[in-house]
1. Once phi is turned into ³J(HN,Hα) by the Karplus curve 6.51 cos²θ - 1.76 cosθ + 1.60 with θ = phi - 60°, what whole-Hz value does each residue of region 25-31 show in order, with x for glycine and proline?
2. Please rank Val32, Val86, fewest neighbouring Cβ atoms within 10 Å first, as an exposure proxy.
3. In whole Hz and in residue order, list the ³J(HN,Hα) couplings for region 112-118 that follow from phi through the Karplus curve 6.51 cos²θ - 1.76 cosθ + 1.60, θ = phi - 60°; x for Gly and Pro.
4. Tyr12's amide H: which non-local residues (gap 5+, or another chain) put their own amide H closer than 5 Å, with H modeled 1.01 Å from N in plane and none for Pro or chain starts?
5. Putting +1 on Lys and Arg Cβ atoms and -1 on Asp and Glu Cβ atoms, find which of Gly152, Ala117, Ala60 reaches farthest to the positive end of the dipole of the chain.
6. Rank these for me by crowding, Ile176, Ile69, going from fewest to most other beta carbons within 10 Å.
7. 7 Å from Cα along Cα→Cβ at both Gln71 and Gln113: what's the point-to-point distance in nm?
8. Magnitude of the Cβ-charge dipole of region 1-49, K/R +1 and D/E -1, about the Cα centre, nearest 20 debye?
Amino acid sequence: MRQAQNLIASDYENESWNEFEQTRTLVNVVYVNPEAFQAEVDAACTQLEEALNGLRLIPADTAALESLIEQTKALNPEDYVSFEDVQAILDSAKDGLPEKQSEVDAMKNSLQQALDALRRIDDPEQTLDYSLLETLCTKAETLDLGAFKQAGKDEFSAALQAGKNLVSHAQSQSQIDQAADTLHTSLLALRKTPSAASLGL
């Protein structure tokens, strides 16, 4: 039933979609009826499966997506600070383009957004400030975690690793600032384990 609910009408020919929609409505009545017999539920499942099989896809127009992919392939990844998101979409396209128009459009939009987020290494206007994040990472690495309680350690370690991974690879200043804020917050949340001396023992 979940598969049937997630379908998009514009992906299918009108006649087959209308027939499917009628069947889905009737089947839904059975699904929401707590007094329905098992035989009715089984019959509804069969009807829905037949309706799904009867759907006819409208051939997707992939021209715009293919054009954008070809333009993207002409780029040199080494010219950009980070090319991972773009490359991931290109890699997924190697297995074939989607058959549904909605999925084709979604892939095109994702690729365009990834391209819009690219930053050239030699673009002076795109210089990012890593100073605060680097300072926090340096301070965090000097801490002796053995002196702190276990609570918060995992969050702190994860924030530190994420911050270190982001240095020189961020897509935006806001991404850097968010990583710095997360690391700072997790650092402040750490609590030292009381020593015997501090407890007066």
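Values in this text are rule-based calculations from the coordinates and carry no lab data. Just so you know, these numbers come straight off a predicted model, no measurement behind them. Ideal geometry is used to build each Cβ from the backbone, glycine not excepted, and the neighbour counts take in all protein chains shown.
1. In residue order, the calculated couplings are 5, 5, 5, 5, 4, 5, 4 Hz.
2. Numbers: Val32 8, Val86 20.
With the fewest neighbours first, Val32, Val86 line up as Val32, Val86.
3. After applying 6.51 cos²θ - 1.76 cosθ + 1.60, I find 5, 5, 5, 5, 5, 8, 5 Hz.
4. Residues meeting the criterion, in which the H sits 1.01 Å from N, are Ile58.
5. Positive-end residue among those listed: Gly152.
6. Values: Ile176 22, Ile69 18.
By the 10 Å Cβ count, ascending, the order reads Ile69, Ile176.
7. 1.8 nm
8. Values: 2 positive and 9 negative charges, 41 e Å.
The calculated dipole for region 1-49 is roughly 200 debye.
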